[in-house]
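The values are calculated or read from the model by the stated rules, or taken from the named source; none is laboratory data. Because the structure is a prediction, the values reported are computed rather than measured. Cβ sites come from the backbone with ideal geometry, for glycine too, and all protein chains shown count toward neighbours. Side chains are part of the model used for accessible areas, which takes the heavy atoms of the whole protein and leaves out ligands, DNA and RNA. Shrake-Rupley method; radii C 1.70, N 1.55, O 1.52, S 1.80 Å.
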Amino acid sequence: MKEGYSFEDFFPYPTPREGQVDMMSTIEQSVREKHNVCAEAPNGFGKTCVTLSAVLPWVKENSGKVLYCARTHRQLDRVIEELTQISERAQVSGVSFRGRKHMCINEFVLENADTAAPMSEVCGHLKTEGRCPFYEELRPYSTGGDLLDEMPKTVLTATEIVTIGKKRGVCPYELAKLLAMETDVIALSYLYMFDPFILKRFAPELGVPLYKAVLVEDEAHNVPSTALDSASDTLSLRTIRQAINEGRTYNDDLSRRLCRGLAQVLLELSSEVDEDTEQIINPNEFRDKVRQQAGLQDEFTAISHMLELGASIKRGLVRVGKYPISAIHRVAEFMSRLRETSNREDFVFLMTSTITTRGTKRIALEVAALDPTSVTEPVLRKVRCTVAISGTMSPLKAYSEMLGLGTNARTLTFESPFSRINRIGLVVSGLDTSYTERSRDRYERMVSHCIAVAHSTPGNTGIFATSYVVLRGLLSAGLGRRLKKKLYIEKQGAKNTENDQLIERFKREGSGEGAVLLGVQGGRNSEGGDFPGDTMNSVVVVGVPYARPTPRTQALIEYYDKRFHGRGRDYAYVLPAMTRAVQAAGRPVRRLQDRGAIILLDQRFATPYLRRFLPAWLAEIIEVVPDDPSTVAERVHSFFER
C-alpha cells in the first residue's frame, strides 16, 4: 500500500472547479488533525466528489473507513456514482445500504412489513431460529473478503447488491454487511449512526473500530431533526387496546391491569382537548395516575414482566411460522422509555389527538426529545472526526452548534460556481402569506403570481407551498383552472413508487410545452428531488413554512433558549423554516449550465431578519419587485429570452 496520499490521488476529473481545491485541501488537513468540519457549498459545486477525495487519503493510509451518511436513496446512489469515478483512477471500494425493507427478499417478511414489529427485530428472530433460508446460505462466510473477490466490481449500489443476492439466493442485506467490512466507503442512512439501537448493532460489523472511521454528514441540515426523531417515541391508544386483548389471550392479569389503567388515564386526558391538537403532560403525575388506576405500587415490576412476556410471545410466533408481533412488548418498551426520561429537561411529554387521512381520531402519547446534541455528540466522540456538508447551512455557527461539532470545528463557506447571469431571484413585496393574511383574495393573488411565472417559463415550473392546507387553498382559488400547462400535484402520503412515477411524467414534459409541479416545502420533491436542465426551469416558493405554534414548538424554543444562549426562536423556529424554503428554491439550479428563475412569494423573505438565513448563492441574486403579476411575468420572460 502506498504510504502517503493526497486528494490529488483520488479526484477523478481533469480540472477542478473554482473552490474545489481549497475545500479538498482544508478537509484533508482537518481529517489528519482530527478536526470536525462544517461546510456550506451550493448545488453544482461537486460536494460529494470533493469530500470523498479529501477524506480518502487518511482512510487509505490508516486502513480506516468512510461512513458517508445521507437521507435519501438518490443521495446514497450519488455517493456510489462518484466513488465509481474515483475507482477508475485509484484502488477504492464501497457499498451502499438501504433499509431492510428495501433489501429483503424473504417473502414472509415482505408480506408483513407494514405491521407494528420492526423488520430488524423480525430478522433477528428468524436468524436465531434458523428460519431464513437466505441468511443460512451466507453462514459459511465469516468475513466479506472472499465475497468481495467474487463480486463483479468493487463499488456497488444497494440495488446491485439486491440483484446479486437474488441470483445467488442469499440475503442482500447480510451480504452488504459482509462486504462493508472489507470496503473503504459505506454509504448509509443517518439512522445507522444516529439511532442508538441501530448503531449498537451495526458498529461491531464495520470491520474497524469507530475511532478509525471518518463520518460524513451529507445534507447535514437534516441531521438535527433526524436525531430528535430517533430519540423520541410514540404510543397510540389503539396499540394499548391491542395489548389489553393480547393479555386476555395469554391470560396475563398484570399486563391487562397496567394497560387498562394506561388507556383509562389517556382517555380522560383526551376528553379535555380539541381534535387535532396536543397537550403537554407531567410525566410523573401521569405515571402516578396510571399506577393508581391499575392498582399497582410500582410499574417497574409490571414493565419488566411485560417485556419478558412480549419477547416470549414473539419467539413462540416465529416457531409456528407467524410474524412476531406483541403489543404487550410495545407498550412495555414505551413505558420503560417514559420512566427513564421523566426527570430529564431535554424531553417534553405530550398527549396528542389527531385526525388521520381516513378521517378517524388517533390518540397517542409521545416522549419527544428536544436536544439533537444528546444524540449526535456521543457518536461524534467515537469517530475520528466529522465532515458536515450542505448547500443550506446558513448561518454556519447555528448548525455547527446544533450538530454538536464543538467549539474547535472549522466552518467553511464556498461561493456558487454558477454564473449570476444564469440565475434570477425575485421577492414579491406587499404580499404576505402568513396565516392571518390568507383570505380568498390573497389566495387568488398568489395564484396570479404562480400563473405569471409558469406561463413565462419556457419549460417546467415547480410551485412549493408551505403546507398541504395552502396547496389545497391554491387549487380552490383556481390554480388548475387558470393554468394553460398540465398540472402535476404531489399527493400527501403517496407511496414512493407512486410519487416517482408522477415525477418522471412531470420531467418528460420539460422537453415539450412544459408543465407545473405543485408540492410542499419540506416534502420529498422540494428537498430530495433532482431537477436538472429543463426538468425544472423556474420555482415559486409560496410563503415562509413556519411550524404551527404548538406546545411542542414552544417547548423546543424554550429549551433552545437555555441550551444555545438565548437563540431559541432562531434555532428552533426560524432556521428550520428557512432551510425548507431555501431547499425548495434550489431545485432549478442543479448543474453549472442550468438557468433558473427563483420567485419567493412573500415579502418577509426580503426583511433584514430573514435575509440572515439565506445562503450566499441565493442572497446575492435577490431583487425586490412590486406585487404585480405582470411585472413578475415580464422579468421572468426577459430572463429566459436573453
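Structure notes:
- Test: residue in segment 299-306 that is open to solvent by 30 Å² or more (accessible area, probe 1.4 Å), of a type outside the set (Val, Ile, Thr) and farther than 19 Å from Glu340 by Cβ: no
- Subset of segment 380-390 (residues that are open to solvent by less than 10 Å² (accessible area, probe 1.4 Å), closer than 24 Å to Gly568 by Cβ and modelled with pLDDT of 95 or more): Ala388
- Residue list for segment 518-536, restricted to those being surrounded by 24 or more Cβ atoms within 10 Å (Cβ to Cβ) and either over 17 Å from Ser467 (Cα atoms) or of a type in the set (Gly, Ala, Ser) (or both): Gly519, Ser526, Gly529, Phe531, Thr535, Met536
- Failed item, numbered, when Arg580 is tested on (1) basic (Lys, Arg); (2) over 14 Å from Val540 (Cα atoms); (3) modelled with pLDDT of 90 or more: (2)
- For Glu401, the stated conditions hold: it is open to solvent by 10 Å² or more (accessible area, probe 1.4 Å), assigned to a helix (DSSP H, G or I), charged (D, E, K, R) and modelled with pLDDT under 95.
- Enumeration of residues in segment 293-338 that are within 14 Å of Thr249 (Cβ to Cβ) and small (Gly, Ala, Ser): Gly310, Ser312, Gly316, Ser326, Ala327
- Checking each residue in segment 366-411 for being closer than 20 Å to Arg580 by Cβ and among the acidic types (Asp, Glu) picks out only Glu401.
- Residue in segment 492-513 that is over 26 Å from the mean Cα position of the chain (by Cα), surrounded by fewer than 21 Cβ atoms within 10 Å (Cβ to Cβ) and within 25 Å of Pro626 (Cα to Cα) present: no
- Summed over segment 425-472, residues that are of a type in the set (Lys, Arg), in a helix (DSSP H, G or I) and under 30 Å from the mean Cα position of the chain (by Cα) total 1.
- Test for Asp253: is it in contact (Cβ under 8 Å) with a residue 60 or more places away in the chain and either out of contact with any Asp or Glu (no Cβ under 8 Å at 6 or more places or on another chain) or within 19 Å of Leu296 (Cα to Cα) (or both): no
- The residues of segment 535-572 that are among the hydroxyl-bearing types (Ser, Thr, Tyr) and in a helix (DSSP H, G or I), listed by number, are Thr535, Thr553, Tyr559, Tyr560, Tyr571.
- For segment 62-78, residues that are at pLDDT below 95 and β-branched (Val, Ile, Thr) total 1.
- Any hit, segment 76-95, residues being open to solvent by 60 Å² or more (accessible area, probe 1.4 Å) and touching an Asp or Glu at 6+ places or on another chain (Cβ under 8 Å): yes
- Of the residues making up segment 160-182, those that are over 18 Å from Tyr192 (Cβ atoms) and open to solvent by 20 Å² or more (accessible area, probe 1.4 Å) are Glu160, Thr163, Ile164, Lys166, Lys167, Arg168, Gly169.
- Residue match in segment 245-253 (condition: among the β-branched types (Val, Ile, Thr) and surrounded by 12 or more Cβ atoms within 10 Å (Cβ to Cβ)): no
- When Thr360 is tested against (1) closer than 20 Å to Glu246 by Cβ; (2) out of contact with any Lys or Arg (no Cβ under 9 Å at 6 or more places or on another chain); (3) of a type in the set (Val, Ile, Thr); (4) open to solvent by 50 Å² or more (accessible area, probe 1.4 Å), just one condition goes unmet, and that condition is (1).
- Taking the criterion of being more than 25 Å from Ala220 (Cβ to Cβ), touching a helix residue (DSSP H, G or I) at 6+ places or on another chain (Cβ under 8 Å), outside any loop (DSSP other than H, G, I, E, B) and of a type in the set (Lys, Arg), the only residue of segment 491-534 that qualifies is Lys507.
- Subset of segment 18-28 [exposed (fewer than 14 other Cβ atoms within 10 Å of the Cβ) and either over 29 Å from the mean Cα position of the chain (by Cα) or in a loop (DSSP other than H, G, I, E, B) (or both)]: Glu18
- Of all positions in segment 179-194, at least one carries a residue that is within 22 Å of Thr84 (Cβ to Cβ), assigned to a helix (DSSP H, G or I), aliphatic (A, V, I, L, M) and touching a residue at least 24 places away in the same chain (Cβ under 8 Å).
- Some residue of segment 363-376 being free of Cβ contacts under 8 Å to residues at least 24 places away in the same chain and either surrounded by fewer than 20 Cβ atoms within 10 Å (Cβ to Cβ) or out of contact with any strand residue (DSSP E or B) (no Cβ under 9 Å at 6 or more places or on another chain) (or both): no
Every residue, every condition in (1) closer than 26 Å to Glu513 by Cβ; (2) out of contact with any Phe, Trp or Tyr (no Cβ under 6 Å at 6 or more places or on another chain); (3) free of Cβ contacts under 8 Å to residues at least 60 places away in the same chain, yes or no:
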residue: Arg524; (1), (2), (3): yes, yes, no
residue: Met536; (1), (2), (3): yes, yes, no
residue: Val542; (1), (2), (3): yes, yes, no
residue: Tyr546; (1), (2), (3): no, yes, no
residue: Arg552; (1), (2), (3): no, yes, no
residue: Ala555; (1), (2), (3): no, yes, no
residue: Phe564; (1), (2), (3): no, no, no
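- Residue in segment 622-630 that is touching a Gly at 6+ places or on another chain (Cβ under 9 Å) and farther than 22 Å from Ala454 by Cα present: no
- Count of residues meeting criterion [open to solvent by 70 Å² or more (accessible area, probe 1.4 Å), over 17 Å from Val540 (Cα atoms) and either touching a residue at least 40 places away in the same chain (Cβ under 8 Å) or hydrophobic (A, V, I, L, M, F, W, C) (or both)] in segment 415-448: 3
- The single residue among Val318, Val331 that is over 20 Å from Ile244 (Cβ atoms) and either within 33 Å of the chain's Cα centre (by Cα) or not aromatic (Phe, Trp, Tyr) (or both) turns out to be Val318.
- Leu412 meets the stated requirement of being open to solvent by 10 Å² or more (accessible area, probe 1.4 Å) and either out of contact with any Leu (no Cβ under 9 Å at 6 or more places or on another chain) or of a type in the set (A, V, I, L, M, F, W, C) (or both).
- Filter result for Pro196 (within 30 Å of Gln521 (Cα to Cα) and either modelled with pLDDT of 90 or more or not charged (D, E, K, R) (or both)): yes
- Enumerated strands (runs of 3 or more DSSP E) restricted to segment 208-301, each holding at least 3 residues that are within 32 Å of the chain's Cα centre (by Cα) and closer than 30 Å to Ser53 by Cα: 213-217
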